[in-house]
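I have placed the structure first, in the form of structure tokens, so that the comments after it can refer back to it.
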Amino acid sequence: MRCESDGALCLVPHPHLTRPERLTGWIHSVETAGTVDGPGVRFVLFTAGCPLRCLYCHNPDSQHMKEGHQVSIERVLDEIASYADMLKRMHGGLTISGGEPLVQPEFTAAILRGAKELGLHTALDTSGYLGARASGTLLFDVDLVLLDIKHIDPNVYSRLTGVELQPTLDFARHLDALGKPMWIRYVLVPGLTDQPDAVEKLADFVASLGSVERVDVLPFHKMGEFKWFARDLRYQLADVQPPTPEATEAVRTIFRSRGLFVD
């Protein structure tokens with residue numbers, strides 16, 4: 001359960017799960033009944049720390065690792081274990097999101113291993129920029145990768161995120177070579193990521209990856225805008241409105257035209 005007073009975790013030891021590891025990690029928050037971060041009902045662990053500076057980031061308070069809560073592997077796995085039976089009944093599992101989970105690869109790998117020992121389906125939600133940090137051991141315990149490809153043009157990608165695109169494309173190809181199931185996520189931002197030519201180029205790339213199971217086109221929203229102002233950060237998309245349903249469907253149609261399943 002969550003401590004509503006400060007957002008920290010209130011964790012009760014699980015009698016059947018012990019962990020000798022003393023590794024700790026930094027987390028932003030948890031969601032115990034997520035329905036949009038993988039199949040079924042998910043326990044979503046949001047880690048703290050991210051190298052990207054996305055213009056539309058809805059959790060700018062997760063960008064710096066040590067602004068999160070420091071917790072041990074044992075405490076996190078005890079919390080996950082308390083929901084394990086429910087997650088299995090609801091055909092769900094654990095999703096590690098962020099921030100960016102691969103900022104803390106050892107911590108992320110240990111949580112994934114513990115989740116697999118609990119018999120849970122696991123998903124890694126990542127930008128792929130730090131994909132080189134995802135060891136074979138870490139990926140062995142990942143059943144599904146939710147890969148966020150924010151744009152296919154390197155220049156636009158850099159403007160959107162502050163980092164290079166190529167590591168994400170390399171990671172996608174690496175996952176495909178491993179046969180690792182992927183869901184591709186694409187945030188649709190009017191004026192930034194809605195150019196038909198760019199979407200078609202991205203759709204071609206995604207269609208070349210045989211292990212992609214689906215594409216999620218996610219309409220831009222401004223629910224995290226208040227966090228930018230609360231932190232005295234300049235929010236460059238203050239005047240941008242969410243895309244219309246028609247514009248969103250047009251982008252989904254482009255992906256479908258490549259034979260991809262789009263939700």
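Values in this text are rule-based calculations from the coordinates and carry no lab data. Quantities reported herein were computed from a predicted structural model and do not represent experimental measurements. Note that we place each Cβ from the backbone using ideal geometry, even for glycine, and neighbour counts take in every protein chain shown.
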Among the GluC sites (Glu not before Pro) within the range 100-198, which fall in a DSSP loop and have no more than 13 other Cβ atoms within 10 Å of their own Cβ?
GLU164
Order of LEU45, LEU139 under a 10 Å beta carbon neighbour criterion, fewest first:
LEU139, LEU45
Ordering 200-209, 143-152 by per-residue average of other C-beta atoms within 10 angstrom, highest first, gives 143-152, 200-209
In nanometres, the difference between 0.36 nm per residue of separation and the alpha-carbon distance of ALA207 and ASP194 is 2.8 nm
Enter the Cα centre distance for the pair the range 123-184 and the range 235-263, rounded to the nearest angstrom.
20
Nearest 20 debye, what's the magnitude of the dipole of the range 24-256 about its Cα centre given +1 on Lys and Arg Cβ and -1 on Asp and Glu Cβ?
120
Below 22 Å Cα-Cα, how many Lys pairs turn up in the chain? Only count pairs eight or more apart in sequence, or on different chains, if you could.
8
Using Cα centres only, tell me the gap between the range 46-91 and the range 195-216 in whole Å.
28
If the chain between GLN166 and ALA250 were fully extended at 0.36 nm per residue, the gain over the current Cα-Cα distance would be 27.6 nm
Simple spin-label estimate for LEU178 and ASN155 in nanometres, 7 Å along Cα-Cβ:
3.4
